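Participant: So that we are looking at the same thing, I have put the structure below in structure tokens.
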Amino acid sequence: MASANVYPPSSEFASRAYVQGMDEYRALYRTAAERPEEFWGELAEKELFWFEKWSHVFEWHPPFAKWFVGGKTNVSYNCLDRHLATHRKNKVAILWEGEPGDQRQISYQELHRLVCRFANVLKGRGLKAGDRAVIYMGMVPELPVALLACARLGVTHSVVFGGFSAEALKARIQDLEAQVVITGDGSWRRGKEVRLKDAVDEALIECPSVKDVIVLQRTGSAIAMKEGRDHWWHDLDQGASEVCPAEELDSEHPLYVLYTSGTTGKPKGIVHTTAGYLLQVTATMKWVFDLRDEDTYWCTADIGWVTGHSYIVYGPLSAGATTMMYEGAPDFPQPDRFWRLIEKYRVNIFYTSPTAIRSFIRQGDQWPNAHDLSSLRLLGSVGEPINPAAWEWYYKVIGKERCPIVDTWWQTETGAIMISAMPGAVPLKPGSGSLPQPGILCDVVDLMGKPVGDNAEGFLVIKRPWPSIARTLWRDPDRYRQQYWERIEGVYMTGDAARRDEDGYYWILGRVDDVMNVSGHRLSTMEIESALVRHPAVAEAAVVGKPHEITGQAVACFVTLKKGNWNHHELGEELRKWVAHEIGSFAKPEQIRFTDSLPKTRSGKIMRRLLREIVTSNTVAGDVTTLEDLSVVTRLSAQHDED
Ligand code: WTA
């Protein structure tokens, strides 16, 4: 696991960096740890605009935290209005390229205009602070416009990734009781149209809370429009006023809910609020991405996931960056699309996932080598552990041994980056996220909460709340307490295993719960199992993550069938499609294995550990196997697996 190579920052990078050298990093870290209220209070005054100052920085009624109590601010104001009185007024805020090659460059001033107009559209539909909007769109500039318009009014938004199916969309709309859905006719992906509006129509059959659907025209294909409910964005926008003052919202006003997979079949609605969230995403833009005003910054995530919320929209715009967005697939029309974009727009900071990096490696060096990547000065990685070999490739072939790589560890729940090098300060070790950010007091402990010490494996925990921590789960504070704060008494349990080395560097070893990480997307084993047992042929299902060379993990399913004469090959295919239909195509199992019975403990718990061993050690040809007998392994292993 440990890598021999250590890469200190070059003096050239360090001399211009936001945080220069280990002493500066340590001083920041120490102040934040020893005098947190002073540290965050000063930062909040410096980095954010306030309508009204807070009365105190921090309130902690375990496990519930509040930050900047009594303060009034607005995220949209911080991302837009405050830049308009500066040199950034005509700076490009969003640099966008569609998959077909169309381009847009939207200045801060223009973005402000678009957001105000759309906020007035929402107001015109009767929406106000505290209402909920579900947003289901492709990666087009109107997506951040919709987010910022909601934030302007205090309408809590929930973005549902465009790859989720109608079923998954429906469950989220229902849970939130959203009043409005903002969507598009479709979106382009690998030359094909993702038919967003069709999925919305299917979802809304059972969503009585939704009064209005606002539809952006992107692909121009034919869609159904329901009279009275569905409206074209461009129709409503016509004549909308460009004046829309930002609401003066409480620091703790819920900015958004983002659903993520947990350890049960039901996704968790992670709630992020206003001021603390914005402060920490803004600060990490500088500490981690070392953002300078002249940079072109590109995070390749989708805004449907937390990375896009924090590091395409809110962090970069609050920090006054030029943030780039690309609509489509990395390999369309050819595997060099990303390198082409970096060359064309002279991208300086590039932030992507290990899965993407591993698939670039497989496609071959000729693709990046055919492009001028000399504008790059900093690279980033997020979403899953990056293996040292992929790190070295990224460093050499993309960064030409000039660009530091920030391996950023964080989660939907943490809101902002928790562990990452500050690139002008911290020497890099490939495969390690390195050191915690200021204010983040991590440790590696056993189940009793006892620190395991250097180089031992244990649970990664955070000992004190930070400004961007998720405040609760939507309408489920008990589950928030149980999931994060009670498994190990009194600390935030991340769900990841880790090891800390003798230099204090953290090495993330992956999830310790029933959450899989496929291409950096979080998937719950239980959610897929529940989807499988809804199929009429399936009696029982168990799902585990199987190591995968490119995507980190892949979904492997063990299925027992109801009585009947099944064609296993056909049924396997059908079940894979079924999961895509129930959840989304990114959750499609790689492997379905039929078995007579599932290995269980005597108390009836499925022995997933055993199944993980089976899928890890045993290579099965093809995607689907015919019936296998797991009863033997069950008998052999059962006695070791009792609680
Ligand atoms: C994993 C994505 C290793 C981890 C921002 C975490 C990582 C989960 C890294 C959160 C990293 C994320 N190194 N593992 N740099 N970043 N993870 O909520 O298991 O989609 O718990 O947030 O991804 O995934 P989520």
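The values are calculated or read from the model by the stated rules, or taken from the named source; none is laboratory data. What you are looking at is a predicted structure, and each value in this text was computed from that prediction instead of being measured. Neighbour counts run over all protein chains shown; Cβ positions are idealised from the backbone, glycine included. Only protein heavy atoms, including side chains, enter the accessible area calculation; ligands, DNA and RNA are left aside. Shrake-Rupley method; radii C 1.70, N 1.55, O 1.52, S 1.80 Å.
Participant: Ordered by residue, what ³J(HN,Hα) values in Hz, to whole numbers, does the stretch 198-207 give under the Karplus form 6.51 cos²θ - 1.76 cosθ + 1.60, where θ = phi - 60° and Gly and Pro are x?
Facilitator: Result, rounded to whole Hz: 4, 5, 4, 4, 5, 5, 6, 4, 10, 10.
Participant: Which order, highest average first, do 549-561, 312-324 follow once you tally other Cβ atoms within 10 Å for each residue and take the mean per peptide? Show your work: numbers first, answer last.
Facilitator: Working: 549-561: 21.8, 312-324: 25.9.
Order by mean packing, descending: 312-324, 549-561.
Participant: Quick check on packing: order 419-430, 148-159 by the mean number of other C-beta atoms within 10 Å, highest mean leading. Can you show the working numbers first?
Facilitator: Values: 419-430: 23.9, 148-159: 26.1.
Taking the mean over residues of other Cβ atoms within 10 Å, the ranking is 148-159, 419-430.
Participant: Answer rounded, prolate or oblate for the chain, using the Cα gyration tensor with square roots of eigenvalues a ≥ b ≥ c: rounded when a/c is under 1.5, else prolate when a/b is larger than b/c, else oblate.
Facilitator: It is rounded, given that a/c, with a ≥ b ≥ c, falls under 1.5.
Participant: Given the protein chains as shown and a 1.4 Å probe, how many square angstrom of S519 are accessible, to the nearest 10?
Facilitator: Result for S519: roughly 40 Å² accessible.
Participant: Here's another thing I want to ask about it. Quick check: net charge around K170, other residues with Cβ under 15 Å of its Cβ, Lys/Arg +1 and Asp/Glu -1?
Facilitator: On the way: positive: R132, R172, K197, K266, R534; negative: E167, D175, E177, D198, D201, E202, E206, E527, E582.
Every neighbour counted, the sum reads -4.
Participant: Expected output is a single nm value to one decimal: the length gained when fully extending between R26 and R195, i.e. 0.36 nm times separation in residues minus the C-alpha distance. What is it? Walk me through the numbers on the way to the answer.
Facilitator: Working: separation 169, 0.36 × 169 = 60.84 nm, distance 4.99 nm.
Extra length from R26 to R195 when fully extended: 55.8 nm.
Participant: Further question on the same structure: Grab the beta carbon distance between K463 and E242, set R0 = 30 Å, and tell me the FRET efficiency rounded to 0.05. Let's see the in-between values first.
Facilitator: Working: r = 47 Å, r/R0 = 1.57.
Once the sixth-power term is evaluated, E becomes 0.05.
Participant: For the chain, which whole-number percentage of the solvent-accessible area (1.4 Å probe, protein heavy atoms only) is attributable to carbon and sulfur atoms?
Facilitator: Values: 12110 of 23940 Å².
Whole-percent figure for carbon plus sulfur exposure: 51.
Participant: With the cut-off at 19 Å, tell me which of the pairs K72/K128; K429/K450; K429/K546 have Cα atoms farther apart than that.
Facilitator: Details: K72/K128 17 Å; K429/K450 26 Å; K429/K546 26 Å.
Correct reply: K429/K450; K429/K546.
Participant: Quick one: which of 431-437, 508-514 comes out on top by average Cβ neighbours within 10 Å, and what's the full order, highest first?
Facilitator: Details: 431-437: 24.1, 508-514: 17.7.
Highest to lowest by the protection proxy: 431-437, 508-514.
Participant: Ok, one more. What length, rounded to one decimal in nm, is gained on full extension from E401 through to A537, with 0.36 nm per residue of separation minus their alpha-carbon distance? Walk me through the numbers on the way to the answer.
Facilitator: Details: separation 136, 0.36 × 136 = 48.96 nm, distance 5.41 nm.
Difference between extended and current length: 43.6 nm.
Participant: For the chain, give me every cysteine whose Cβ has no other Cys Cβ within less than 4.7 Å, ordered by residue number.
Facilitator: C79, C150, C207, C299, C403, C442, C557
Participant: Ordering L43, L176 by how much accessible area each has at a 1.4 Å probe, largest first, what is the list? Intermediate results must be reported in sequence, preceding the final value.
Facilitator: On the way: L43 25, L176 0 Å².
Heavy-atom accessible area, descending, gives L43, L176.
Participant: Can you compute 3J(HN,Hα) from phi for each residue in the stretch 290-299, using the Karplus curve 6.51 cos²θ - 1.76 cosθ + 1.60 with θ = phi - 60°, rounded to whole Hz and x for Gly and Pro?
Facilitator: Per residue, the Karplus-derived 3J(HN,Hα) values read 6, 4, 10, 4, 7, 6, 9, 10, 10, 10 Hz.
Participant: Amide H of H548: which non-local residues (sequence gap of 5 or more, or other chain) have their own amide H closer than 5 Å, using H built in the peptide plane?
Facilitator: Correct list: Q553, A554.
Participant: Taking a probe of 1.4 angstrom, what is the accessible area of R195 in Å², to the nearest 10?
Facilitator: Only protein atoms counted, so the area is about 90 Å².
Participant: With labels modelled as points extended 7 Å from the Cα through the Cβ direction, what inter-label distance (nm, one decimal) is found for E549 paired with L84?
Facilitator: Calculated label separation equals 5.4 nm.
Participant: Ordered by residue, what ³J(HN,Hα) values in Hz, to whole numbers, does the stretch 96-104 give under the Karplus form 6.51 cos²θ - 1.76 cosθ + 1.60, where θ = phi - 60° and Gly and Pro are x?
Facilitator: Listing the rounded values in order: 10, 10, x, 4, x, x, 5, 9, 9 Hz.
Participant: With a 1.4 Å probe and all protein chains kept in place, how do K546, K463 rank by accessible area, largest first? Mind showing how you got there, number by number?
Facilitator: Values: K546 40, K463 95 Å².
Final ranking, largest accessible area leading: K463, K546.
Participant: Shifting gears a bit: Ordering T284, T472 by how much accessible area each has at a 1.4 Å probe, largest first, what is the list? Before the final figure, lay out the partial values.
Facilitator: Numbers: T284 0, T472 35 Å².
Ranked list, largest accessible area first: T472, T284.
Participant: With both partners inside the chain, how many of the DSSP beta bridges are antiparallel, as a percent to the nearest 5?
Facilitator: Details: 60 of 102 bridges.
Taking every DSSP beta bridge within the chain, about 60 percent pair in antiparallel fashion.
Participant: At a probe radius of 1.4 Å, what is the per-residue accessible area of H548, in Å² to the nearest 10?
Facilitator: Answer for H548: close to 60 Å² accessible.
Participant: Would you calculate the separation in nanometres between label points at H569 and R612, each defined as 7 Å from the Cα along the Cα-to-beta-carbon direction?
Facilitator: For the pair H569/R612, the computed spacing is 3.4 nm.
Participant: Full-extension gain between F64 and F49, please, as 0.36 nm times their residue separation minus the C-alpha to C-alpha distance. Mind showing how you got there, number by number?
Facilitator: Working: separation 15, 0.36 × 15 = 5.40 nm, distance 2.49 nm.
Difference between extended and current length: 2.9 nm.
Participant: Oh, and also: Pop a pseudo-label 7 angstrom from the Cα along the beta-carbon direction at both E34 and S585 and give the gap in nm to one decimal.
Facilitator: Going by the 7 Å Cα→Cβ label model, 5.5 nm.
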